Amino acid sequence: MFASEKSSLYRFLLIYIGSSLFLVAIGLVIFFNYEKHRLIDFQNSLIKVQSAVLVSELRELHKSKEHEIIYPKHSEFSSAIYDIDKNYIFGDFHPNSPSLDKEFYQKNNILFYVQKIYPYYLGTAYIIVQKSLDDKPIISVKTRLIIGFVIVIFFITLIAYWLGKLFLSPMRNSITLLDNFIKDTTHELNTPVSTILTNAELLKDFYPELENSKELGRIESASKRLSRIYDDLAYLHLNHKRHYNIEQVDISEFLKKRIDYFKTIAKAKQIQLTYNIDESVLLNIDKEDITRIVDNLLGNALKYTLPNGKVELVLTNEYLSIKDNGIGIDKAVKDEVFQRFTRANKSEGGFGLGLSIVVDIVKYYNFDIELQSQVKKGTKVSILWKK
Amino acid sequence: MEKIILLIFMAVLLFSDESVISKCNECHSYSPTPSYKKIHKHYLLKYSSKIRVKQAMIGFLKAPSLEKSEMSNGMKKRLKPENHTIFDDKTIEKAVIYIIEKEDIQKRFKKIS
């Protein structure tokens, strides 16, 4: 699975499963609350019936001629009676600050029912009946809902994974196609580009009078550009398969050699290429990676600088900066230029790979990259080594 | 000596709780006048709390009338309550308190152990 495909699949799974579970959870919470209230209402209705029984018992006691009154006791619930002024008369429990104005209420898993009665048998104006909430049916509903939720999670995940794969298959096909195309192109480009470059150099060696030939210079410049495109494509294609060979590299020496390589291009475009390189700047890096950084930054600077322009390269122990007075980058697209296949300006050829490769390498080595640019004034790209 | 004993006896009789309703007993001891228990229950059924029962009883005894009477219509016709009080306020209050305390529901309630 490709990295982009994997991240898209994960994002899809996260959104799909997250939103589905959120909706299911809302539904289950509503259902649970409905069921809970239904079960509590059922228990409340039982208390109401028990309270009615108590009222009829009080009525009988009121009629009784006995001096001593035995308070009715029931095993399923407790009760207490109050007079019209809310004074406690008697009961088999004595509630603390009871709320006689509410018909039903609940306190710490105990259900209370208050019934107002008239006439006041034995002076009773309020009967308060309490009963412990039987939470077994509620727990049973909760358990069943949790089991249901787990099963739903399982099925939603399965469906999401299947859907994700299904929707991503066109993207996978496109990526495979592009990958194969890049692989074939790089393979096919390598030999002719190398042949052109080698022969152009040989021509200069065999015929010294051609050293300053404009035509040969253009052939060399164009083939070097082609070579860099090949290198970028090969890097992109082989990057995830290659073995990193990180070693101490003298960047100062390395840069001087690369400047020599780019001099032909600068000369062909009549661009003034200047540099200020501190001696013995050492970095632990794979040579291929520093080559990609320098070639892409310098290549871009030369590509987007107009003839008779100026490119300036500075290397210190802290940073490498390449500044040009070229066409610059529009503010609106400044943040997008680091994305793959994105080109800020289409006036020149290219695939929009260079800066994305540079950013990948910068991230890998934990460097920093800064881009300052103004349209028609130029661009400055700096890599901070952060040693 | 006999005089002193007689005086003490008279004083006890005069200030004891029972003595408070002795005048009431002249009628209420005999049928068909209702017993204090019955009267108290009638008042409880309508007024509920001790304070309200006391106020209603005193109110009736201070100014008895057919309208204020809690008796059933049949009893009213038969007994025809007086339309003027026959006791002074102090006696009425003492008698009412005595009856309410004696018939106090709270004291009469018992729990099954």
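The values are calculated or read from the model by the stated rules, or taken from the named source; none is laboratory data. A quick note: this is a predicted structure, and the numbers were derived from the prediction, not measured. Because the Cβ atoms are built from the backbone with ideal geometry, glycine has one as well, and the counts that use them run over all protein chains shown. Keep in mind that these areas ignore ligands, DNA and RNA; they rest on the heavy atoms of the full protein, side chains included. Shrake-Rupley method; radii C 1.70, N 1.55, O 1.52, S 1.80 Å.
Projecting each Cα onto the charge dipole of region A:75-183 (Lys/Arg +1, Asp/Glu -1 at the beta carbon, about the Cα centre), which of A:ASN109, A:SER174, A:TYR82 comes out farthest on the positive side? Going by the charge dipole, the pick is A:SER174. Under a GNM of chain A (C-alpha, springs under 10 Å), which listed residue has the highest mean-square fluctuation: A:SER75, A:SER356, A:SER252? Judging by the Gaussian network model, the answer is A:SER75.
Only sites in a loop by DSSP and with at most 11 other Cβ atoms within 10 Å count here; which GluC sites (Glu not before Pro) in region A:201-238 make the cut?
On the way: sites: A:GLU201, A:GLU209, A:GLU211, A:GLU215, A:GLU220; in loops: A:GLU211.
For GluC sites (Glu not before Pro) across region A:201-238 that sit outside H, G, I, E and B with at most 11 neighbouring Cβ atoms in 10 Å, the list reads A:GLU211.
Using a probe of 1.4 Å on the protein chains alone, the accessible area found for A:HIS37 is around 110 Å².
Over all residues in B:40-52, what is the mean tally of Cβ atoms on other chains that come within 10 Å of each residue's Cβ? Provide the component values of the computation, followed by the final result.
On the way: counts 1, 7, 1, 2, 8, 8, 4, 5, 16, 10, 5, 4, 5.
Mean partner shielding for this stretch: 6.
On the principal axes of its alpha-carbon atoms, region A:3-134 has extents of 92, 23, 22 Å, going from largest to smallest.
Distant-in-sequence amide contacts of A:ILE277, defined by a placed amide H-H separation under 5 Å and a gap of 5 or more residues or a different chain, comprise A:LEU315.
For the A and B pair, go ahead and give the buried accessible area with a 1.4 Å probe, both sides summed, in Å² to 100. Display every interim value, and only then the final one.
On the way: alone 23150 and 8900 Å², together 29970 Å².
The contact between B and A buries close to 2100 Å².
Rounded to the nearest 10 degrees, the angle from helix A:287-303 to the longest Cα principal axis of chain A is 70 degrees.
Couplings 3J(HN,Hα) for region A:34-45, derived from phi with the Karplus relation 6.51 cos²θ - 1.76 cosθ + 1.60 (θ = phi - 60°), are 4, 4, 4, 5, 5, 5, 5, 4, 4, 5, 5, 5 Hz, where x marks Gly and Pro.
Largest accessible area first, the residues A:ILE70, A:ILE146 order themselves as A:ILE146, A:ILE70 under a 1.4 Å probe with ligands, DNA and RNA left out. With viscosity 1.306 mPa s and temperature 10 °C, the Kirkwood radius over alpha carbon pairs of the protein assembly as shown converts through Stokes-Einstein to a diffusion coefficient of 47 µm²/s. Legend: residues A:ILE196, B:ILE99, sorted from most to least accessible area (1.4 Å probe; ligands, DNA and RNA excluded), read A:ILE196, B:ILE99.
Mind listing which GluC sites (Glu not before Pro) in region A:240-288 are in a DSSP loop and have 11 or fewer other Cβ atoms within 10 Å?
Details: sites: A:GLU247, A:GLU253, A:GLU279, A:GLU288; in loops: A:GLU279.
Within region A:240-288, the qualifying GluC sites (Glu not before Pro) (loop, at most 11 other Cβ atoms within 10 Å) are A:GLU279.
A cut-off of 5 Å between modelled amide H atoms, ignoring neighbours fewer than 5 places along the same chain, links A:ILE89 with A:ILE81, A:TYR82, A:ASP83. With the convex hull drawn around the C-alpha atoms of region A:244-384, the volume per residue stands at 99 Å³.
Counting only protein heavy atoms and using a 1.4 Å probe, the accessible area of A:LYS48 comes to about 90 Å².
Ligands, DNA and RNA excluded, the heavy atoms of A:PHE32 present near 40 Å² of accessible surface to a 1.4 Å solvent probe. Relative contact order for chain A: what is it in percent, counting Cα pairs under 8 Å that are at least 6 residues apart? Reported as a whole number, the value is 11 percent.
Return one whole number: the accessible area per residue of the protein assembly as shown in Å², for a 1.4 Å probe. Before the final figure, lay out each step's value.
Numbers: 29970 Å² over 500 residues.
Value for the protein assembly as shown: 60 Å² per residue.
Shown in residue order for region A:7-20 are the 3J(HN,Hα) couplings computed by the Karplus curve 6.51 cos²θ - 1.76 cosθ + 1.60 at θ = phi - 60°: 5, 5, 5, 4, 5, 4, 4, 4, 5, 5, 5, x, 5, 5 Hz (x for Gly and Pro). Note that region B:97-107 has calculated 3J(HN,Hα) couplings of 4, 4, 5, 5, 5, 5, 9, 3, 4, 4, 6 Hz, one per residue in order, obtained from phi through the Karplus relation 6.51 cos²θ - 1.76 cosθ + 1.60 (θ = phi - 60°); glycine and proline are x. If you run the Gaussian network model on chain A, springs between alpha carbon atoms under 10 Å, then out of A:PHE367, A:PHE112, A:PHE90 the most flexible one is A:PHE90.
Taking the Cα centre of region A:3-134 as origin, sum charge times position over the Cβ atoms of Lys and Arg (+1) and Asp and Glu (-1), and report the length of that vector in debye to the nearest 20.
Working: 14 positive and 14 negative charges, 84 e Å.
So the magnitude is around 400 debye.
Largest first, the residues A:ARG144, A:ARG172 sort by 1.4 Å accessible area into A:ARG144, A:ARG172. Close amide H pairs (under 5 Å, H built 1.01 Å from N) link A:VAL311 with A:GLN272, A:LEU273, A:THR274, residues at least 5 positions away or on another chain.
Of the trypsin sites (Lys or Arg not before Pro) found in region A:185-275, those in coil by DSSP whose Cβ has at most 13 other Cβ atoms within 10 Å are A:LYS241, A:ARG242.
So what's the angle, to the nearest 10 degrees on a 0 to 90 scale, between helix A:354-364 and the longest Cα principal axis of chain A? Helix A:354-364 and the main axis of chain A meet at about 60 degrees.
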